[in-house]
Every structure is written in structure tokens, then in C-alpha cells.
1. Does R61 qualify as being under 17 Å from V127 (Cα atoms), modelled with pLDDT under 70 and not β-branched (V, I, T)?
2. Which strands (runs of 3 or more DSSP E) does the stretch 284-387 wholly contain that include 1 or more residues that are β-branched (V, I, T) and touching a residue at least 12 places away in the same chain (Cβ under 8 Å)?
3. Grab the strands (runs of 3 or more DSSP E) fully contained in the stretch 183-282, keeping just those with 3 or more residues being under 14 Å from the mean Cα position of the chain (by Cα) and among the small types (G, A, S).
4. Answer with yes or no whether M38 is in the same structural domain as V157 (by TED's automatic domain parsing), modelled with pLDDT under 85, assigned to a helix (DSSP H, G or I) and of a type outside the set (D, E).
5. Just one of I114, I88, I73 is within 21 Å of G156 (Cβ to Cβ) and touching a Gly at 6+ places or on another chain (Cβ under 6 Å); which is it?
6. Condition first: closer than 15 Å to F348 by Cβ and more than 22 Å from the chain's Cα centre (by Cα). Now tell me which residues in the stretch 283-313 satisfy that.
7. It is to be established whether one or more residues within the stretch 342-353 are modelled with pLDDT under 95, touching a Ser or Thr at 6+ places or on another chain (Cβ under 9 Å) and more than 18 Å from I201 (Cα to Cα).
8. All but one of (1) within 22 Å of S255 (Cα to Cα); (2) out of contact with any Phe, Trp or Tyr (no Cβ under 9 Å at 6 or more places or on another chain) hold for Q125; which doesn't?
Amino acid sequence: MSQRDKEKDMQALLGMVRALGVTCDLDNLLKMVVDYSMELLDAERATLYLYDKERQELFTRIAEGMDEFRISIATGLAGAAARTLKVINIPDAYQDERFNRTLDERSGYRTRSILACPLIDYDGQLVGVLQILNKRQGPFDQDDIKLAEALSAQAGVALQRARLIDQFLEKQRLEDTLRIAHEIQEKLLPAGAPTWDGFDIACWHRPCDATGGDYCDFLPVDEKRLMLSLGDVSGHGVGPALISCATRAMLRALSSVDDNIEQVMKKVNRLMEMDLPDNRFVTAFLGVLNSAKGELSYCSAGQGPMFWLHAENDEIETLGADGIPMGIIPDIPDMNPQKITLRQGDVFALLTDGFHEWARTSGEMFGIERVMEIMQKHRQNSANEILEAIRTSVEAFADTRQTDDLTAIIIKKT
């Protein structure tokens, strides 16, 4: 695939993520996923199966060129993708014994190649299967598989969100909108930090209202590299919460197909600038943790300071942002990505400004100096214990209610 084609695919993928992020109606969402999959992969047809866990079946509510039907997950290529949770690429359908020819025989259509992709939600559970048929120019290749995986990952989370919304509205249509929004947002944020070889990682998030503009995220790139992001949307409430979800989704989608973190940030910034009102912006950190090298590569768009405790001398280095916040201007200057090597015992802390800017009634802020003192005092402790010490210290210091979202990621080299 040429660089131009790759760029075109990434822009199309980002367009899909943006569209999925603002669509809550399940039927519209299903049709959008089918249409985008055919466009991105230059395919003739696509079918989106939803998973019925109770009946162990896949069923269609939308199929381009087909009627609705149900199949058991024990049979067929879609069933195989559902059982294994892996993408299945079949260059010649009629040479694979799992292929069911019945639909071709009924419709008169001739299936040549098949790409069956499981749709997984944020909790790692099966949501459905996207089956894409007949690439117009030859069989599906590795680039197509990567695109399909990125599309399926976003579609799975979007379908999870839409289904959650359907369930909430069905059960409690008169329930307070903010409480529903809070539950949905919490579902889309990590319940905890991942286990990663060579590192002890902790994360925590608490909005000041029912919904918040902070987010954090983790996405394994491969067995050795972990993408991590943290951001803070200006303002509070439902509006910033929607922006934070969209920002996280776009960073996640583009990071899955492009390992140049600076370019990822610049492309997302361009889209955010187009969408955000003048009084909104996003500070964001995007990094890749490499367990093989003990390295953290990152870009920070206005997100800082960051704290790096060096175990060899117990000194803390404060690191500033290397770019302006996202969403202010369409083309941000070069960000000068940073790369640091963490030694055993080193601690790297990412905190949104709600921690050090929390003030007493007297106006005195908690401040970054107290954050650094706590890190040094608890440097021998686990990442989770360091984070907990910072959180409880801030709460003990303040005699006012929380007025800003709090989000933190602590990384300790083991």
C-alpha cells in the first residue's frame, strides 16, 4: 500500500470514528458500520451480525443485499470468528469447508473472498461479527486485515455504547440524563491499569460532576509496546464528557494503524479544531511504553507538568508539555517527541491539573511541590500506593468541594 493510500485510509477511518461517536441510534449505527466497511475495504457486500449470548447465535439487523437471518456460532466462518475472537481471512470461500453455500444458492450471488472480524466491546466481550465479502481487486491482504481490526475495535465499542443506551432508556426512560451519561462514560474508561512486563502501572479517575472532561486509556500495540493516553477537556459536564470520549476514540483508532505519535496528535488536533467551539480545547498526553527497552516515548499537547522520579538519587524532574493544547489552531507546530529510559525504581506520574490546583477556602492551592514530596516519601511503595497517597493527601488538604476532574496514571519501573 502506498503512503498516499495509507493516508487516505487513515482519514477515512477517523471519519468513521467521528461519525460513530455522535450516533446513538442502534439501527443507524449498524448501517454506518456496514457502509464504512465496504468503503474502506473496497468490498462488494458486508453483513453485521449481533451476538445473542443467551441463544448462542448470531443474527442480522442489517445486511447489505441480504434478508435478516440467524445462525449458530457453532457453524460457519462468522461463527468461527465469534468463537476464536480472531479475524478470519478466506481468499477463496468455496475452498473452505466452513463456508455455507446456501445463501449463494438462494440469492444467485457468488462469494469469492471473505474477511470475518469479531466485534469486541471495551470489556473484551463479544458484541457481534462483521463479515465483509468480495474485495473488488483480489483477495484481502494484511493491510486490509489491519484496517478491519481497527474498524471492528471502534465498531465494537460503539455498539456496546449504543446497546447500553438502549437498555438504559428501555428500563428507566424517565431517569436523570446525567446519571445515565455518567454510567456510560465510566463504562468507556478503563476499570484499572493493565499488567505490563517490567512495569507497575496504576490509574484512577473521578469527575467532579456526574460526567467529566478527563479521560485515560491503554491500548496494547503489540506484546512489548503499550499505548497510553491521558487528557483534560476544558470545562465540566456533559459537553466536555462527549468531547473527551471523541478525543479518546480518535487517538485510539489512529494509534492502532500509525505508530508515529506526533503525526497521530497532529491529525487528531486538526479534526478537533474543526469540531470544537471557540471556548473549548483539549490538553492531551500520548505515549508508548516499551517493555523490551524500558523506554517511554511521548508527546504532550499542553498536558503538564509530568513528574519523573529518578531512583538513583531520589530527585524529581518536572517535564513540561512539548506542544500547545489541541483544538485551538488547525496545524500545531512540531511537537518534538520525547523519549526517556526508565531505570529500576523510577516513577513517572501523569496528573491532570485538578490535583495540584485544588484550593482551600483561603485560596492556597495544593501545588506541585506537595505532589513531589509525596512521590519522594512513598517512592518505595507500589504505583497504586503512590497514587492513593497523592489522592488522600489532596483530599485531606482541601476544605472545599471538588471542582475539577481528577485523573492520574502512575508508572513505576520494576
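1. Yes, satisfied.
2. Per the criteria, 315-319, 338-341, 347-351.
3. No strands (runs of 3 or more DSSP E) qualify here.
4. No.
5. When all the criteria are applied, what remains is I73.
6. Correct list: K293, G294, P305, F307, W308, L309, H310, A311, E312.
7. Within the stretch 342-353, one or more residues are modelled with pLDDT under 95, touching a Ser or Thr at 6+ places or on another chain (Cβ under 9 Å) and more than 18 Å from I201 (Cα to Cα).
8. (2)
The values are calculated or read from the model by the stated rules, or taken from the named source; none is laboratory data. The structure displayed is predicted, hence computed values, not measured ones. Note that we place each Cβ from the backbone using ideal geometry, even for glycine, and neighbour counts take in every protein chain shown.
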